[in-house]
Amino acid sequence: MTALGNFADGPSAADVSRPLNICLLGFRSHPFCGGQGVYLHYLSKALVEAGHSVDVISGQPYPHLDPRVRLIKMPGLNLYEEKHPTRALRWRHLRSWADFSEWWGKLSGGFAEPYSFGRRAARYLRRHGHRYDIVHDNQSLCYGLLEIERRGLPVVATIHHPISRDRQLALDAAPNWGHRLLVRRWYGFVKMQMKVARRLRHIVTVSSQSLHDLVQQFGVAPGQLQLIYNGIDTQVFRPQPNVPRQPLRIMTTASADQPLKGLRFLLRALAELRQQYPELELMVVGRLQEGGSTEKLLDELHLHQSVRFVCEISTEELVGHYASASMVVCPSLYEGFGLPAGEAMACGVPVISSDGGALPEVVGDAGLVVPAGDSAALAEAIRRLLGDERLRGELGAKGRKRIERHFSWHRAAERLVRYYRQVLGQENGAMESDDSASVAADTSVEAA
């Protein structure tokens, strides 16, 4: 082999007990929102605590990592942070197809970051791939993964959910045909992700719902897929008995102008409830886009004084916000897993969730579940919890217990390492299904 080197010269795959050298990839790993940086942070930490060596290769924004994890920065043009992206291209960038593709994609309304990151990561691993036993990609699903796999380095990819779901919801919410054209252009990378997903040999997904959707929407063969649930750090996300709860504070984590997150339905529910509870307030962990659809809805519903947005906060601050809320509402139209719901439950906060995607798998019978996209049902569930302190306490305790039992990063890392060894030929036979059966046994959801 010439490009990626001779991986047979790397560590032997014969010793099943030998610690692994693992390379995690993340094209965009924001540490505070979006889930991808959160996944890399906790997974890499759990893997090093299990005794393995972990490097993370990431584009901007970079993740916050455990000190034992090495971050290899793979910077792109980071045009979403540029005030004037049209001026960001320099003559030196013309020598790089990855740089030019990223710049042209931004100018033409596309999203080329996953593609460009894949080219950069593949180039890096041509020289340094011999250091690793396995490469694990986090949702980029770029053509570069096929090159890495073709050159002999085993590749595993995590797909949290098929982005075709996001695209369809954005198209459904588009106000006119011109906006729909822009949506189709921006989501053009989904075609690449579909092609790559169908060709990769080993894919991890994080819920039964996502597994089903990957087969139906991406055309992935079931034999390529392994279900391994995400984890929640229950040492960090835990009840805070010293933090006083604000009885009329609702909290949600939502990207304000992403139709997928369903914030508009929660805002309409809030407007209805304020007639009965005029002091009711909503804290949104997310950024309010100036002039966006959410700001316009806040104006329409006269809610500016009742809704507060917080962003760029530390994990400790996030836990404190969870502890201060009387409840957390997850109104998403679709989630591949539902990390905010799990975090809130780990903090002992009662949760109201939509039935969008995998949320019922996480919430189970430890929260109230309402139909996705139904503002009236959200309002009724919130009203029920506001008026029943005993039920709030019961759901908070059940939520904490459910997360401790089923969703831990220790368990996720343990199962991933077993899967890595199976991919490497160190374990014979297929892994049994994830503990989805025991999770399902506790998932007789309580309707609002």
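The values are calculated or read from the model by the stated rules, or taken from the named source; none is laboratory data. Since we're looking at a predicted model, the values are computed, not measured. Please note: Cβ atoms are built from the backbone with ideal geometry, for glycine as well, and neighbour counts cover all protein chains shown.
Among residues that are over 28 Å from Gln422 (Cβ atoms) and touching a Phe, Trp or Tyr at 6+ places or on another chain (Cβ under 7 Å), Leu181 is not included. Taking (1) buried (at least 22 other Cβ atoms within 10 Å of the Cβ); (2) assigned to a loop (DSSP other than H, G, I, E, B); (3) among the β-branched types (Val, Ile, Thr) in turn, Thr158 satisfies each apart from (2). Determine the pairs where a residue that is under 14 Å from Gly188 (Cα atoms), located within region 102-130, has a partner that is aromatic (Phe, Trp, Tyr) and not in a helix (DSSP H, G or I) with Cβ atoms under 6 Å apart, the partner being 6 or more residues away or on another chain. Close Cβ pairs satisfying both conditions: Glu113/Phe27; Pro114/Phe27.
Taking the condition part of a helix (DSSP H, G or I), hydrophobic (A, V, I, L, M, F, W, C), at pLDDT 95 or above and surrounded by 15 or more Cβ atoms within 10 Å (Cβ to Cβ), does Ala381 pass? The answer is yes for Ala381.
Conditions tested, residue by residue: (1) touching a Ser or Thr at 6+ places or on another chain (Cβ under 6 Å); (2) among the small types (Gly, Ala, Ser); (3) over 30 Å from Pro175 (Cα atoms); (4) surrounded by fewer than 22 Cβ atoms within 10 Å (Cβ to Cβ).
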{"residue": "Ser293", "(1), (2), (3), (4)": "no, yes, no, yes"}
{"residue": "Leu297", "(1), (2), (3), (4)": "no, no, no, yes"}
{"residue": "Leu318", "(1), (2), (3), (4)": "no, no, yes, yes"}
{"residue": "Ser326", "(1), (2), (3), (4)": "no, yes, yes, yes"}
{"residue": "Cys330", "(1), (2), (3), (4)": "yes, no, no, no"}
{"residue": "Pro340", "(1), (2), (3), (4)": "yes, no, no, no"}
{"residue": "Pro371", "(1), (2), (3), (4)": "no, no, no, yes"}
{"residue": "Glu389", "(1), (2), (3), (4)": "no, no, yes, yes"}
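Could you look through region 166-198, keep only residues that are within 19 Å of the chain's Cα centre (by Cα) and among the small types (Gly, Ala, Ser), and pick out the one that is farthest from Asn230 (Cα to Cα)? Looking at the filtered set, the residue picked out is Ala170. Of the residues making up region 205-219, at least one is more than 19 Å from Asn138 (Cβ to Cβ), surrounded by fewer than 16 Cβ atoms within 10 Å (Cβ to Cβ) and touching a residue at least 12 places away in the same chain (Cβ under 8 Å). Within the set Val196, Val215, Val204, the sole residue that is within 21 Å of Gly357 (Cβ to Cβ) and assigned to a helix (DSSP H, G or I) turns out to be Val215.
Out of region 285-337, which residues are free of Cβ contacts under 8 Å to residues at least 60 places away in the same chain and on the phi > 0 side of the Ramachandran plot? Across region 285-337, the qualifying residues are Gly291, His302.
Can you find a residue that is over 21 Å from the mean Cα position of the chain (by Cα) and in contact (Cβ under 8 Å) with a residue 60 or more places away in the chain anywhere in region 157-165? No, region 157-165 has no match at all. From the list Leu171, Leu181, the one residue that fits, being in the same structural domain as Leu141 (by TED's automatic domain parsing), exposed (fewer than 14 other Cβ atoms within 10 Å of the Cβ) and among the aliphatic types (A, V, I, L, M), is Leu181.
What pairs come out if I take residues in region 177-202 that are within 20 Å of Trp104 (Cα to Cα) and pair them with residues that are at pLDDT below 95 and of a type in the set (Asp, Glu) whose C-beta lies under 8 Å away, six or more apart or interchain? Here the result reads Tyr187/Asp166, each pair linking region 177-202 to a residue that is at pLDDT below 95 and of a type in the set (Asp, Glu).
In region 224-236, the qualifying residues are those that are outside any loop (DSSP other than H, G, I, E, B) and modelled with pLDDT of 95 or more, and the one that is farthest from Val363 (Cα to Cα) is Gln224. The condition of being under 22 Å from Ile148 (Cα atoms), at pLDDT 95 or above and outside any helix (DSSP H, G or I) holds for only one of Leu4, Leu25, that being Leu25.
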